[in-house]
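Down below is the structure, laid out as structure tokens.
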Amino acid sequence: MTVETFSGAERILEPSAGALLRRRVFGHAGFMIGAAIILAILAAALLAPWLAPHDPYAQDLTRRLVPPVWDAKGSWLDPLGTDQLGRDYLSRLLFGARISLLIGFSAALISGLIGTGLGLCAGYFGGRVDMVASFVVTTRLAMPVVLVALAVVALAGGSLHIVVAVLGLLLWDRFAVVTRAATHQVRQLDYVAAARATGCSTARIILAEILPNIMNALIVIATIEMANAILLDAALSFLGLGVQPPLPDWGLMVAEGKEYMFFSPWVIAIPGLALFTLVLAINLVGDGLRDLAAPENRN
Amino acid sequence: MLAFALKRLALALLVALTVSIISFSLLRLSGDLAQALAGPSATAADVEAVRKAYGLDQPLWVQYLAWARQALHGDLGTSFFFKEPVAAMIAARLPVTMTLGVSALLFALLVALPLGILAALKPNSWVDRLALTLSVVGQALPSFWFALMLMILFGLKLRWLPISGTASWKSFVMPAIALGYYGMPTFMRLTRAGMMEVLASDYIRTARAKGLRAPAILLKHALRNAIVPVVAVAAVQLGFFLGGSIVIESVFALHGVGYLGWESISRADFPVVQAIVLVLALFYIVLTLLADLLNAFLDPRIRVG
Amino acid sequence: MRGKLAWAAVALGLIAPAAQAGKPDDTLNLAWSAQIENYDQYFNTVREGIVFAREIWDNLVDRDPRTGEYKPLLAKSYRWVDPLTLDFALRQGISFHDGTPFTATDVAYTLNWLADPANKVITQQNVSWIKSVEETGPFAVRIHLKAPFPAALEYLADILPIYPHDYYAKVGPQGMSRHPVGTGPYKVAAAEPGKSFTLLRNDAYFKESPKGRPAIGRIVQRSIAEMPTQIAELMTGSIDWIWQVPADQAEKLRQVPGVTVKSAETMRIGYVGFDAAGRSGATPVKDRRVREAIAHAIDRAAMVKNLVGGDSRVLDAACFPSQFGCTDEGVKRYAYDPALAKTLLAEAGYPNGFDIDIYAYRERPWAEAIIGYLRAVGIRAKLTYLQYAALRDKNWAGTTPLFYMTWGSNSINDVSAILGNFFTGSPDDFARDAQLKSWIETGDTAIDPAVRKANYRQALQRIAEEIYWLPMFSYVANYAFSADLDFSPDADEVPRFYAAHWK
């Protein structure tokens, strides 16, 4: 339960346990693959201005729907071809990685803050607070997410900030549920009870004793919600009510490419695969973290 | 049991009330209702007359009560776009969404239950790996993308299934798969975990020791116990499917509630959007209530905790 | 090159001859993305509403789409008594689908009802010229005009179908939408607004009709939002006819066996509209220099060549060339010149460009191309893409600073149908130019064609000089349909299914 995957936490583990952990981490194929992909995408996103062969917004109507380089009619000028307005697909893909990562990360952060806060209160204080929290969670779960997100984005306008805010405000339920259960458990532990007995403040107990103990669970949930936010953003874009053109959002690229999918299949295949790979990698890392944190759950 | 049921019912009612307030405010936030009702070319005097006639000059809580009273009587307002009663429009489209939701659920269960059971019986076998891979891959596929791929493969290339519309049961096959696969991993993991827990329990070991054959054990004991949590989650999942079918409905041109909701948003027809949010939320509330009660009925431990 | 593509598609197994679904059971399956909110033609504003109306109802006269000649339809003959009076003698022996006979009462009732502003017909411009209609006999009517309106026959032929008096008085627009009843070549078997309709051939259709008698037994329409879904349905043969196919898709569909593709230029024109009057508040496009910068920033010729395709052409005047009164004589032209655009922006006080919302409702990729061009000169436009009805309402409320829209003039071959709708103080008017308005109104009501033309010319010059609109190009409608179907598109963008038949 207390196994940490971040270096800062290693000091609380025995050296032998640290070595054991490293072995387990490196031996976990899924986790390693996922982490490698995410690092690669992160690097691509950060280095996009240097890696991209062209301006992702520069259009050239005379060079529309040029196939990728592996096609007979493709060329290295646009390695992944061009889209329906003659914009370089590789450049858009690279810059699009920034948007997907930004949306996934920020939405998970916002929802994490909301959900964890709510879950901590519910799990720590119990009783009335718990009842109110469970009522709030149930209400949130009852709202049809996609429809509400679409409606709010349509009313507030489809800018990146708004989409991130809407996703963040909608995806915190899992954080709340898990945090609540974990907090509830940790609260019973001896040393927390001891801390309370010695008169530590509630805030201190939560921050210093409880939060580190539920960090594992939170990180796993964060990966799930990142993946969710990216997929949901893609779905909003696909329906034409997410972030707006000309942003090179991957979901938007699939949406715009779908008109051409029968005769120029790469225009939806490439961003679709990119989305799939990113979400798969995040899920693999999430699953890996869960296994590493509690190896007995698997088997 | 009764106390638990009453408590659960009270929570459901409270949530329903809150949801109704939220969906009520959705319409009010969408702009000046009087202006929308009077039409864009109306004069200021027209707008004021409409405001009076519809009681839009009253305090918000009075308006809410009036709206809620009408909603309880089945009057969900009138569509700006079609000028038709919203309740009738939703009622006409609900069967499509319900059929889609239920068939998606059936698909998910039909794949997930056998795979989950097999995976539990032989942990780390190829079946187990396949199940795991399916669930990891399944959760990473963007649903609209998957739907388009299905359409190309089964609709266009193999020509096994109709591409859009609701002409026959065949029309629902692809949409059900595209919607259902996303819920599949949850069921698979639940079944696998539940089965493993039960298989490891004392009475199965006893039964095995008594010399009962494996299939008999499976059917008689393990499955029944392992399936309890699945049933409860299935009800909740159905609620998600009903609310989450928008993308699938739009790709396959199924004129269901989700499609109507999406179209209504893009033409700013907020009385319809509001009503759909309310109806879908109520469905979810009822389904989770049923799931909880069923769960408590099947598994007495829950009632206490 | 084409052959190679087709081979690639065959290798993928995508292209196989379309299955025969329509011809064997004599059912024409149509799909389009539009949703008709109300089948009563006076209460919808989508083009498909007109298409539907032509099948169900008849007008007093019909305009031959090929010759442009007016032919009596429900009327037997017509006569201008004077510029304010138009007489019609009506045909006898015609029945509505519900069996009630057609008489002068139906004509007088329909037109009088429409002309009454209290009934809130959605496009007032179409009916506001009618003062009153009187029955001068059981099969004769006289239309009184408010002011001379030379384009009256054009309106009667295109957008004023005649309804059955008893039925319409009883059920109103909502009832008519649910169960449309007319005299037309097809009758309605089922009609669900926004979703689908089924039509059956009207075997009792009068044989003297210039529209001709319908051939195909059944027509089934479905609204399918996504173009790829429509194309897939067409390729598998479960849909027989689609339209508004993007130009490059149409090119590729030509290669598919069993599919016929036809294109026709239409009266529809695309334009960038500006809130020059500042109805939406302080917006950069209120400044003429900014509008001129935008006009120079967009490469319309490249869009025509690469995106629109077909017979489309770049337009400088705010009208379709075949319309009466349309001319680009003396109309200012704005060539593609991004450098000049940047200079103009700097002069207007925006050396670093500005952020603005742009609205559109169709041809999203074209709107995006415009956004791309604007971005190249520093204007960061954010797209809001809405359905037509929602965008129309926003326009009418005056909240849209910049928009890419289109206008098909309801297929009326007269500039009054475009200028009158947008520049005479209607809710669609973002110029609010009194001088412009008076020229157009003079043109609309003058009897002398020369006077009309002169006034319209001044109006068109003014619109270009002030850049109230940036006219973009004419539209080409691409139709794709089953090779079993004999269908010819007309230039007025109204597909006539009653004239189609199986091969």
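The values are calculated or read from the model by the stated rules, or taken from the named source; none is laboratory data. On a predicted model such as this, the values are computed, not experimentally measured, just so you know. Here the Cβ is made from the backbone with ideal geometry for all residues, glycine too, and neighbour counts use every protein chain on show. Only protein heavy atoms, including side chains, enter the accessible area calculation; ligands, DNA and RNA are left aside. Shrake-Rupley method; radii C 1.70, N 1.55, O 1.52, S 1.80 Å.
If you average 1/r over every pair of different alpha-carbon atoms in the range C:285-431 and take one over that average, what Kirkwood value in Å do you get?
When all Cα pairs of the range C:285-431 are included, the Kirkwood radius is 16.4 Å.
Distance between the modelled labels on B:A88 and A:D55, one decimal in nanometres: 5.5 nm (7 Å Cα→Cβ projection).
Would you mind working out the magnitude of the charge dipole of the protein assembly as shown relative to its Cα centre, with +1 at each Lys and Arg C-beta and -1 at each Asp and Glu C-beta, to the nearest 20 Debye? Don't jump to the answer; show the numbers that get you there.
Details: 99 positive and 93 negative charges, 638 e Å.
For this selection, approximately 3060 debye.
Measuring from a point 7 Å past the Cα of C:A189 along Cα-to-C-beta, which residues in the range C:20-58 have an amide N at less than 16 Å? Output list for this probe position: C:21-31, C:56. Per the accessible-area calculation with a 1.4 Å probe, the total area buried between chain A and chain C rounds to 2600 Å².
In the frame of its principal axes, the range B:86-304 has Cα extents of 66, 47, 28 Å, reported largest first.
Provide A:H28, C:H179, B:H73 ordered by accessible surface of protein heavy atoms (probe 1.4 Å), highest first. Show your work: numbers first, answer last.
Numbers: A:H28 45, C:H179 125, B:H73 150 Å².
Reading off the accessible areas and sorting them downward yields B:H73, C:H179, A:H28.
Of all segments of chain A bounded by trypsin sites (Lys or Arg not before Pro) found in a DSSP loop with no more than 16 other C-beta atoms within 10 Å, the longest spans A:74-297.
With +1 on each Lys and Arg Cβ and -1 on each Asp and Glu Cβ, and nothing else charged, work out how big the dipole of chain C is about its Cα centre, in Debye to the nearest 20. Don't skip to the end; give the middle numbers.
Details: 55 positive and 58 negative charges, 135 e Å.
About 640 debye.
Would you mind finding the longest exposed-site-free stretch of chain B, with exposed trypsin sites (Lys or Arg not before Pro) meaning DSSP loop and at most 11 other Cβ atoms within 10 Å?
Values: sites that count: B:K210, B:R213.
Result, exposed sites excluded: B:1-209.
Our summary of shape: the Cα atoms of chain C have principal axis extents of 70, 65, 36 Å, ordered from largest down, in whole angstrom. Contact order for the range B:86-304, expressed relative to its length and based on alpha carbon pairs under 8 Å spaced 6+ residues apart, stands at 27 percent. Going toward the positive end of the dipole of the range C:34-177, with +1 on Lys and Arg Cβ and -1 on Asp and Glu Cβ, which of C:G68, C:F102, C:V81 do you reach last? Value computed over the given set: C:V81. Taken residue by residue and averaged, Cβ atoms of other chains lying within 10 Å of the Cβ of B:83-94 number 2.
The loop-placed trypsin sites (Lys or Arg not before Pro) in the range C:22-98, going by DSSP, that have at most 15 neighbouring Cβ atoms within 10 Å of their Cβ come out as C:R66.
Dividing the summed helix terms, -39500 (n - 2.57) for each DSSP H run of n ≥ 4, by the number of residues in the protein assembly as shown produces a 222 nm estimate of -16500 deg cm²/dmol to the nearest 500.
Separation of the range A:27-75 and the range C:151-180, taken as the distance between their Cα centroids, equals 57 angstrom.
Per residue Cα convex hull volume for chain A, in cubic angstrom?
Working: hull volume 49.8 nm³, N = 299.
Measuring per residue, one finds 167 Å³ for the Cα hull of chain A.
Only protein atoms count toward the accessible area here, which uses a 1.4 Å probe; on the protein assembly as shown, the carbon and sulfur part of that area reaches 63 percent. Within the range C:200-304, the GluC sites (Glu not before Pro) that combine a DSSP coil assignment with at most 15 other C-beta atoms in a 10 angstrom radius are C:E208.
Could you run the numbers on buried accessible area between C and B, total for both chains, 1.4 angstrom probe, in Å² to the nearest 100? Before the final figure, lay out each step's value.
Numbers: alone 19730 and 16950 Å², together 34110 Å².
Heavy-atom accessible area buried at this interface is about 2600 Å².
Once the Cβ-Cβ distance between C:D448 and C:T27 is put in as r, and R0 is 41 Å, what FRET efficiency do you end up with, to the nearest 0.05?
On the way: r = 51 Å, r/R0 = 1.25.
Efficiency at R0 = 41 Å is approximately 0.20.
Using the 2.2 N^0.38 Å rule of thumb for compact globular proteins, work out how the range A:184-245 stacks up: its C-alpha Rg over that value, please.
Details: Rg = 19.2 Å, N = 62, 2.2 N^0.38 = 10.6 Å.
Compared with the compact-globule rule of thumb, the range A:184-245 sits at 1.82.
Between amide H atoms placed 1.01 Å from N, distances below 5 Å from A:T82 occur with A:L65, A:V66, A:Y89, all of them 5 or more places distant or on a separate chain.
This model, with +1 at the C-beta of Lys and Arg and -1 at the C-beta of Asp and Glu, gives the range A:26-297 a dipole about its Cα centre of some 500 debye. Counting heavy atoms of the protein chains alone, B:M196 has an accessible area of about 40 Å² for a 1.4 Å probe.
Heavy atoms of the protein chains alone define the surface here; on that basis the range C:34-177 has 34 Å² accessible area per residue at 1.4 Å probe size.
Would you please name the trypsin sites (Lys or Arg not before Pro) within the range C:109-181 that are DSSP coil residues with at most 16 other C-beta atoms within 10 Å of their C-beta?
On the way: sites: C:K120, C:K131, C:R142, C:K146, C:K170, C:R178; in loops: C:K120, C:K146.
In loop regions of the range C:109-181 (DSSP not H, G, I, E or B), the sparsely surrounded trypsin sites (Lys or Arg not before Pro) are C:K120, C:K146.
Just name one of C:Y163, C:A140, C:F52: the one whose Cα is farthest towards the positive end of the charge dipole of the range C:34-177 (beta-carbon charges, Lys/Arg +1, Asp/Glu -1). Toward the positive end, the furthest listed residue is C:A140. With Cα atoms as the point set, the range A:19-63 shows a radius of gyration and Dmax of 17.8, 59 Å.
If you take the accessible area of B alone plus A alone and subtract the pair, what total do you get in square angstrom, rounded to 100, with a 1.4 Å probe?
On the way: alone 16950 and 15360 Å², together 28560 Å².
Protein heavy atoms only, the B-A interface buries about 3700 Å².
Of the residues C:I440, C:N455, C:S409, the one whose Cα sits farthest toward the positive end of the charge dipole of the range C:406-474, with +1 on the Cβ of Lys and Arg and -1 on the Cβ of Asp and Glu, is C:N455.
Any idea what diffusion coefficient the range C:446-487 gets from Stokes-Einstein, in µm²/s, Kirkwood Rh on alpha carbon pairs, 10 °C, 1.306 mPa s?
Taking Rh from Cα pairs, D becomes 113 µm²/s.
Compactness of the range C:34-177 was expressed as the Cα radius of gyration divided by 2.2 N^0.38 Å, which yields 0.98.
For chain A, a Gaussian network of Cα nodes joined below 10 Å ranks A:G242, A:G158, A:G104 by mean-square fluctuation, and the top entry is A:G158.
Treating each Cα of the protein assembly as shown as one equal point scatterer and applying the Debye formula with no solvent, the log10 of I(q)/I(0) at q = 0.05, 0.08, 0.09, 0.10 Å⁻¹ comes out as -0.37, -0.92, -1.14, -1.37.
I need the fraction of alpha carbon pairs in the range B:218-286 separated by more than 20 Å, rounded to a whole percent. Please report the intermediate quantities before stating the final value.
Working: 1029 of 2346 pairs.
The proportion of pairs with Cα distances above 20 Å equals 44 percent.
Averaged over peptide B:51-63, the number of partner chain Cβ atoms lying within 10 Å of each residue's Cβ comes to 0.
For the Cα atoms of chain B, what angle does the longest principal axis make with the long axis of helix B:126-140, in degrees from 0 to 90, nearest 10? Compared with the principal axis, the helix lies near 10 degrees.
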